[in-house]
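Worksheet: the structure to be examined is printed underneath.
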Amino acid sequence: MRFFRREDDRERKRFYLLPGQGGRAYHRKQKLFLKTSLAVGLIVSGLFALIMYLIYRSPK
């Protein structure tokens, strides 16, 4: 069974000297950073698209 282990399993079980260097809390923090950065990226790109639309739309 050891042959089928993933690298990720060993990474999660590794011992770290200081808190926050790994484990569940670290993975939770990384997931939060990823979600936050995706949300901010979508908002900024949406605002940029809106500004470009308002500037370059044809006059009526």
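The values are calculated or read from the model by the stated rules, or taken from the named source; none is laboratory data. Remember, predicted model here, so these are calculated numbers, not experimental data. Because the Cβ atoms are built from the backbone with ideal geometry, glycine has one as well, and the counts that use them run over all protein chains shown.
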Looking at this structure, is Leu50 more than 24 Å from the chain's Cα centre (by Cα) and either at pLDDT 65 or above or surrounded by 10 or more Cβ atoms within 10 Å (Cβ to Cβ) (or both)?
yes
State yes or no: is Tyr56 at pLDDT 75 or above and surrounded by fewer than 10 Cβ atoms within 10 Å (Cβ to Cβ)? yes
Notebook entry, point to check: Restricting attention to region 14-23, does a residue exist that is surrounded by 10 or more Cβ atoms within 10 Å (Cβ to Cβ), in a helix (DSSP H, G or I), at pLDDT 65 or above and out of contact with any Ser or Thr (no Cβ under 9 Å at 6 or more places or on another chain)?
Noted result: yes
